[in-house]
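The values are calculated or read from the model by the stated rules, or taken from the named source; none is laboratory data. Keep in mind it's a predicted model, so treat the numbers as computed, not measured. In this analysis, Cβ positions are derived from the backbone assuming ideal geometry, glycine residues included, and neighbour counts consider all displayed protein chains.
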Amino acid sequence: MQTASTAWATVTGGLMRFPPTLRPTLILGASGRIGGILRHQWASAGADLRWQRRARPEGAEAGAQGWHVFDPLADPDALAEAARGAAAILCLAGPVPGGAAGRELSARQLVQHRDLALAALEAAAHVRDAGAGAPRVLLASSAAVYGTASGPLQEDTPLAPVAPYGLAKAEMEQAARARAAELGLGVTLLRIGNIAGIDAILGGWQPGFCLDQFADGQTPRRSYIGPRTLADVLATLIRCPDLPQVLNIAQPGLVAMGDLLQAAGLEFARRPAPAQAIAEVQLDVTRLIGLLAAQPACAADLPACLPVATAADLVAEARVLDLLPDSRSR
């Protein structure tokens, strides 16, 4: 069976998983789940990568391992200093459902998505250089902003968020666009689909796990991206000289949640889907595919197009990074 890595090798003639160079980049919220993936995948990038977190890693000295320890909301001076000379600011910071903040997020926690985005933009404006310009700001948003909208969901699809997390991300997007325009900054909103291994299905599995089943026998289907593929895509975007303001981030195709659990060997039950359950969330990634194909580096170490997502490939990527639960120990 073809894995995600061999699928990319077929397209490129051999993919280099770790990019040879990355532009100087400040990564906010680097101690989170996506940040952990990037630290692993970009470890050999040989670049000026500035990993931000609010608390010093246990047992580490200040400044060790490239960490910049400060609160972006409480210490704007430290944020600006960390951003100085950077070509890009990638903001991954903000509480997520099921993360350290727990499954239920308060209104005070949710508004941090907007506040952190605005703080990143202010820092970029503060360190703007007459010659090099300002860092481009890339903000992690979510497919949750589309809510109940029917797909395939393009970047200009009207947003219809329903869950508090999706509403908070939509508010963040609106505020960031407005402030970026006022400051004359480049900003890109990354609407990221489900990430295999840190999602609510593979990452959230536990004994007794149950999935909705619809009248056609299908479990919910979603746009997914493998964790290693995500790291490669983000590395490419950081190196892009021009980016659109909004970009869906996922691999082509839909993947059934039940297929993912079966591919991972994780048992689950089924229950009739309630009326409000969303059967499909499919991101249109035409814009992303075109952007990747246009990059000069694609001929050497990046795909001319994204591989279609399959349950087997997604599980393989998550397993390589040790993101899957061990059913034997539960």
Which residue pairs have Cβ atoms under 7 Å apart, sit 6 or more places apart or on different chains, and have a first residue in region 34-49 that is closer than 10 Å to ARG228 by Cα and a second that is in a helix (DSSP H, G or I) and not aliphatic (A, V, I, L, M)? ILE37/PRO227; GLN41/ARG228
Residue pairs qualifying under the 6 Å Cβ cut-off, at least six apart or on distinct chains, with the first in region 223-244 being of a type in the set (A, V, I, L, M) and the second being surrounded by fewer than 19 Cβ atoms within 10 Å (Cβ to Cβ), are ILE238/ARG23
Tally of residues being farther than 13 Å from ARG221 by Cα, touching a strand residue (DSSP E or B) at 6+ places or on another chain (Cβ under 6 Å) and part of a loop (DSSP other than H, G, I, E, B) across region 252-283: 1
From the option list PRO72, PRO97, single residue qualifying as under 20 Å from the mean Cα position of the chain (by Cα), assigned to a loop (DSSP other than H, G, I, E, B), modelled with pLDDT of 95 or more and surrounded by 13 or more Cβ atoms within 10 Å (Cβ to Cβ) is PRO72
Residue that is surrounded by the fewest Cβ atoms within 10 Å (Cβ to Cβ), among those in region 294-315 that are modelled with pLDDT of 85 or more, hydrophobic (A, V, I, L, M, F, W, C) and part of a helix (DSSP H, G or I): ALA312
Of the residues that make up region 28-37, is at least one within 22 Å of GLY203 (Cβ to Cβ), among the polar types (S, T, N, Q), modelled with pLDDT of 80 or more and assigned to a loop (DSSP other than H, G, I, E, B)? yes
Identify the residue in region 279-293 that is in contact with a Gly (Cβ under 8 Å, 6 or more places away or on another chain) and either surrounded by 19 or more Cβ atoms within 10 Å (Cβ to Cβ) or of a type in the set (Val, Ile, Thr) (or both) and, among all such residues, is modelled with the lowest pLDDT. VAL281
